[in-house]
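Each remark here refers to the structure printed beneath this line.
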Number of protein chains: 2
Amino acid sequence: MKQSQIFTKTQRQNPKDEESVNAILLPRAGFIYKEMAGVFSFLPLGLLVLNKISDIVREEMNGIGGQEVFLSVLQPKGLWEKTGRWDTGIGKDVMYKIKDGIEVGLGPTHEEMLTDIVKNYIENEDDLPFAIYQIQTKFRKEARAKSGLLRGREFLMKDLYSFHVSETDFKQFYEKAKKAYGRIFERCGLKAIITEASGGGFSKEFSHEFQIISEAGEDTIYFCPKEAEHFSQNEEIFDQKTTKCPVCKTALQKVKSIEAANIFSLGVKYSEPLAAFFRGKDGQKYPVIMGCYGIGVSRLMAAIVEVCHDDKGIVWPKEVAPFLCHLIPIVSGDAAQDKKTVNAAEKIYQDLQKKGIEVLYDERGRKFSTGEKFADADLIGAPTRIVVSQKTLAKSSAEIKQRNEEKTKLVPLKDLALTIKNNLQ
Amino acid sequence: MKQSQIFTKTQRQNPKDEESVNAILLPRAGFIYKEMAGVFSFLPLGLLVLNKISDIVREEMNGIGGQEVFLSVLQPKGLWEKTGRWDTGIGKDVMYKIKDGIEVGLGPTHEEMLTDIVKNYIENEDDLPFAIYQIQTKFRKEARAKSGLLRGREFLMKDLYSFHVSETDFKQFYEKAKKAYGRIFERCGLKAIITEASGGGFSKEFSHEFQIISEAGEDTIYFCPKEAEHFSQNEEIFDQKTTKCPVCKTALQKVKSIEAANIFSLGVKYSEPLAAFFRGKDGQKYPVIMGCYGIGVSRLMAAIVEVCHDDKGIVWPKEVAPFLCHLIPIVSGDAAQDKKTVNAAEKIYQDLQKKGIEVLYDERGRKFSTGEKFADADLIGAPTRIVVSQKTLAKSSAEIKQRNEEKTKLVPLKDLALTIKNNLQ
C-alpha cells in the first residue's frame, strides 16, 4: 500500500493521560483511535493487525476442529435467568442492560446463548463431541477501563466452547486446545506462561491462564524462572509459604503479567439448567460436559505492543505486522536523480507485491524529510525497512535493516525479495 | 466439509409464526438461529454465506479506493449532541442508550464518529479526497422487527463515507460508488433497481436506493418495466399523477421491494458541526463535503433467499453459496458395493477440494435415507448436486444436477471438476 493513500498520519506527541505503552504507541502510529475510556476504533493499520491476529486464532481453532459461528450481541434476560446469572455474578456486575419491549443484555460472554442453541441439535452420543467458536465484540462494564486495549468496555474476543459425553473426552480436547493456544502465542511472537488459576467456581482442576510477563499487566504470578512448565500459579491461588519450585527447587519468581487467555472446565453448570442433554447408550438422559476457552484478540494486540517495542516505536513480530516491509526512496531535490530513485522504488514495490510480500511504500516525496520518514517507519514498526537512494542504486542495491537490529545491509536488487523472505523466516 | 462435522441439522418443519421466506428457510436449513424478534445468530453455514457477501462488498469497496476500518459500537453522547442528533431523529428514535459513568449510545450509524476521527488527519486540499468503510454490527430499536434478516434490531452493515473538497469531486465518486454497488448486486445474483428517493433532509438531488423486487419488501416503487434505468421512484417521493415512463412512455409498474442499499449526499451536515475543515489554496477554511453509502450485508443475505428459492429450499447464486457443490454417495446396505461407492465419493471429495471447488460431502451413511439426503441438499441449496452410486460408477461417472434445473447429467469422473467449473461460469 502507498503511504499517502492511508488517511491517518503519525503523531509526534504522546497522547495525554496515558501510561501504558500500547495506549501511547498505537494511537500515535495511527493504528487505533480512542473514543472514550476503554472504547477504541481500529483505523486501517490497526485493522490489518487485528485481522492477522484473528486469522491466526481462526486457523488454530479450525485446526482442532472448531466450527465458526457469529452469535448475536443482544441476549434476552430469560436465558440468563435460567442459569441464575442475570442478577448475580457477571450478569449483575458487568453486563450492560437495555430495554426494548423485553429486557436485553449486551453479551459479556456466550455460554447461555450457545448452550441454548446447541441443545436443539443434540440427541444422542453420536452427535458429540464438537467445538464451536466465534470472534466477536464483547461488552463489559469497566469502572477502571484503562491501559489502552488491555482492558476495555468493548473488545474483540475469541470464545470457543466444547461439548462432550464424558470428562475423559473433555480432558483430551482440553489438552489439544492448550497446545493450540501455545501455537497462537508463538505465532504472535509472544511467550505465554501457562498458569494455574482458580476455576471461577467450577472444577478447580482444570483452569489455566496464559500469562505474558509485562509491567503493564494487572495480574501477579509466581513461577519457576528456570522452567515455567514446572510451576506457575496466579497470586489468587498461590500459597505464599511456597518459595521454591516443587520440581527443580529453583527460587520462584514473582512478576506482573497480562492474562491474555484462559481455558477452563464448565462441567454441567450450563447444560443442566439449559437442558442440553444427550441420550446415553443406556437410554438415559445426561447433561453435556462443557469446556470454555477464551482469548482476548484486541488484548493480544496490546500485549504484543507492550512486549515488542523500543523507545522509537513498535517492533511487530512478522506474522502480525501490518506490512512485512516499509520501502523508502530517498529523494534529494535533484529532479533527474530523484526520478531514477522513485522509478527504482516503484519497481521494487511492484515486484515485492507480486511475490506476495506486503509493502508499505512511502511515496510521499519531499513533503517529509528522510528523518521524518525513518521516524515514521520506526514508529509503525514493519519488520524490514528498505531504503533506495542514489548511493545504493549506484551499486544496483537497496539497503535493508531489520526493525529490531541496528545494522544495515546492502542487498543487490535482484536478490531483494529472496533476502527479505529469508530474513523473515 | 463433511456434513456430519457440522453441528447443525436441518429441520423438516417450518418455524412457527414466520411469514417471510428467509425467516423460514434459513433457520430450517441451519444457517441462522433466532434469538428474539429481529436478533439472529449465524451458524456455521450461515456464517459462510455472510462472509462471502462481506468479501464481495469488501472487494468492490477496495476497488473504488475504500480504506477499511472497524469503529466502536459504543458512542459517547457528546458527539451526537454536536450534530443535534442525540435528542432528535435517529438518536432519539432508534438508538439504544446505556449509562456507564457517561451516557453512551449503541451505534445505529457512524457519521458523527468517523467525521470526528478524520478531522484530526485533514489539513489542506492535498489530504482529500478519501473514502472509508467498515463492515460492522449496527443496533437499532425496532418496534416492528420482523421478516427474518430483512429488518433487525442487530444487523451487519457496510457503511462507507467519502470526503471531498468540492461537490464536483463528490459527484464523481458518487457515480463510481453507484457502479460498484451495481457490481455487488450482480455478483450476489440479484437485479437491483436504482431508485430515486428522498434525500433524508440533505441534498435531494443525490439520493438513490437499490431496490430488489420482492413481495417480502416493505417499500413500494414505481418504475418503468421496459427499462428500469429510465425511471424508478420510491413511493415516498412519487407523484401519483405520473402514469407513464418519461423516456419511453411505457406504463409505469407499481411493485413491493426490498431496500438493500442507499447512497446519498451529506453535504456539510456533519463536517460543519464537528469542525472537519480543510484549508483551501486561498488559505481559508472550508467544511469537507461528504457522501454516505450504506448496504445491509445481513439484509442482502435475506434478500437473496427471498428471490432465490423454490418450494424445496434455497437456490444460492454461485458467488454466495456456502458450498459450490453437495456430494452424495448412495449406499444400499450391500457392504462390498457401499465400500466402493464411498471410496469413490471420498476420492471425488479430495480431488475437487484440491482443485479449489468447495464441497459439502454427505458422508452420513445409512443414518439417513437417500430421499432425506436429497431433501437436505435442496434445502441447503448448493448450486450443483453430485451423486455417485453403483449405477453411475458402472459407467465411471457421477450424476450432476444444477439446483435450479430438473435434468440430471452423467459426467465421466475424469471430467467432473472441469464440468462443475464450467457450469458455474
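The values are calculated or read from the model by the stated rules, or taken from the named source; none is laboratory data. In this text, all values refer to a predicted model and were calculated from it rather than measured experimentally. Glycine gets a Cβ as well: all are built from the backbone with ideal geometry, and neighbour counts include every protein chain shown.
So, in segment B:145-181, of the ones that are within 20 Å of B:I32 (Cα to Cα), more than 11 Å from every other protein chain (Cβ to nearest Cβ) and charged (D, E, K, R), which residue ends up surrounded by the fewest Cβ atoms within 10 Å (Cβ to Cβ)? Walk me through it before giving the result.
Residues of segment B:145-181 that are within 20 Å of B:I32 (Cα to Cα), as a first pass: B:145-158.
This time we only want the ones that are more than 11 Å from every other protein chain (Cβ to nearest Cβ), so: B:146-151, B:157-158.
Add one more test, that the residue is charged (D, E, K, R), and what stays is B:146, B:151, B:158.
Working: B:K146: 17, B:R151: 20, B:K158: 24.
Within segment B:145-181, the match that is surrounded by the fewest Cβ atoms within 10 Å (Cβ to Cβ) is B:K146.
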>> Just to be sure before I move on: is B:K99 within 18 Å of the chain's Cα centre (by Cα) and either surrounded by fewer than 19 Cβ atoms within 10 Å (Cβ to Cβ) or outside the structural domain of B:P273 (by TED's automatic domain parsing) (or both) in the structure I sent?
In response: no
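For segment B:280-335, what are the residues that are over 28 Å from B:S147 (Cβ atoms) and hydrophobic (A, V, I, L, M, F, W, C)?
B:V288, B:I289, B:M290, B:L324, B:C325, B:L327, B:I328, B:I330, B:V331, B:A335
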Within segment B:109-118, of all residues that are away from chain A (no Cβ under 11 Å) and farther than 23 Å from A:N51 by Cα, the one surrounded by the fewest Cβ atoms within 10 Å (Cβ to Cβ) is B:E111
Within segment A:26-37, residues among the aliphatic types (A, V, I, L, M), within 12 Å of another protein chain (Cβ to nearest Cβ) and in contact with a helix residue (DSSP H, G or I) (Cβ under 8 Å, 6 or more places away or on another chain) come out as A:I32
Listed by range, strands (runs of 3 or more DSSP E) wholly within segment A:275-331 having at least 1 residues that are touching a Leu at 6+ places or on another chain (Cβ under 8 Å) are A:277-279, A:289-296, A:325-329
With the first residue restricted to segment A:87-108 and required to be more than 10 Å from every other protein chain (Cβ to nearest Cβ), and the second required to be modelled with pLDDT of 95 or more and assigned to a helix (DSSP H, G or I), Cβ contacts under 6 Å at 6 or more apart or on different chains are A:G91/A:W80; A:E103/A:K77
The residue that is nearest to A:A37 (Cα to Cα), considering only those in segment B:43-57 that are touching an Asp or Glu at 6+ places or on another chain (Cβ under 7 Å) and within 11 Å of chain A (Cβ to nearest Cβ), is B:L47
Against the definition (in a strand (DSSP E or B), among the small types (G, A, S) and touching a helix residue (DSSP H, G or I) at 6+ places or on another chain (Cβ under 8 Å)), how does A:A398 come out, yes or no? yes
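For segment B:160-181, state whether one or more residues are in contact with a Cys (Cβ under 7 Å, 6 or more places away or on another chain) and either of a type in the set (A, V, I, L, M, F, W, C) or under 30 Å from B:E123 (Cα atoms) (or both). Don't jump to the end; show me each part of the working.
Taking segment B:160-181 and keeping what is in contact with a Cys (Cβ under 7 Å, 6 or more places away or on another chain), we get B:161.
After this cut, where a residue has to be either of a type in the set (A, V, I, L, M, F, W, C) or under 30 Å from B:E123 (Cα atoms) (or both) as well, the list is B:161.
Among the residues of segment B:160-181, at least one is in contact with a Cys (Cβ under 7 Å, 6 or more places away or on another chain) and either of a type in the set (A, V, I, L, M, F, W, C) or under 30 Å from B:E123 (Cα atoms) (or both), which makes the answer yes.
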inquiry  = With the structure loaded, tell me whether A:V69 is in contact with a Ser or Thr (Cβ under 9 Å, 6 or more places away or on another chain), within 30 Å of B:A37 (Cβ to Cβ) and facing chain B (nearest Cβ under 9 Å) or whether it fails that test.
reply    = yes
When (1) within 14 Å of chain A (Cβ to nearest Cβ); (2) buried (at least 22 other Cβ atoms within 10 Å of the Cβ) are applied to B:I184, the one that fails is (1)
| query | Does A:F40 count as at the interface with another protein chain (Cβ under 9 Å from one of its Cβ atoms), on the phi < 0 side of the Ramachandran plot and of a type outside the set (A, V, I, L, M)? | reply | yes
Among A:L300, A:L274, A:L327, the single one that is among the aliphatic types (A, V, I, L, M) and touching a Cys at 6+ places or on another chain (Cβ under 7 Å) is A:L300
For segment A:124-140 the number of residues that are assigned to a strand (DSSP E or B), within 8 Å of another protein chain (Cβ to nearest Cβ) and within 12 Å of B:Q5 (Cβ to Cβ) is 2
Of the residues in segment A:1-25, those that are within 14 Å of another protein chain (Cβ to nearest Cβ), under 23 Å from A:A303 (Cβ atoms) and in contact (Cβ under 8 Å) with a residue 24 or more places away in the chain come to A:T8, A:T10
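When you scan segment B:364-375, do you find a residue that is of a type in the set (A, V, I, L, M), surrounded by 12 or more Cβ atoms within 10 Å (Cβ to Cβ) and in contact with a helix residue (DSSP H, G or I) (Cβ under 9 Å, 6 or more places away or on another chain), even just one?
No: zero hits.
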All-but-one check, B:L74 against (1) under 19 Å from B:Q134 (Cβ atoms); (2) more than 11 Å from chain A (Cβ to nearest Cβ), failing number (2)
Subject >> Some residue of segment B:4-19 being at pLDDT 95 or above and small (G, A, S) >> reply: no
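Looking only at residues in segment A:261-314 that are polar (S, T, N, Q) and in contact with a strand residue (DSSP E or B) (Cβ under 6 Å, 6 or more places away or on another chain), which one is farthest from A:E19 (Cα to Cα)?
That would be A:S271.
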Practice item. Evaluate segment A:112-132: report whether one residue or more is modelled with pLDDT of 95 or more, in contact with an Asp or Glu (Cβ under 6 Å, 6 or more places away or on another chain) and hydroxyl-bearing (S, T, Y). Key: no
### Query
Got at least one residue in segment B:107-118 being closer than 30 Å to A:S4 by Cα, part of a loop (DSSP other than H, G, I, E, B) and not small (G, A, S)?
yes
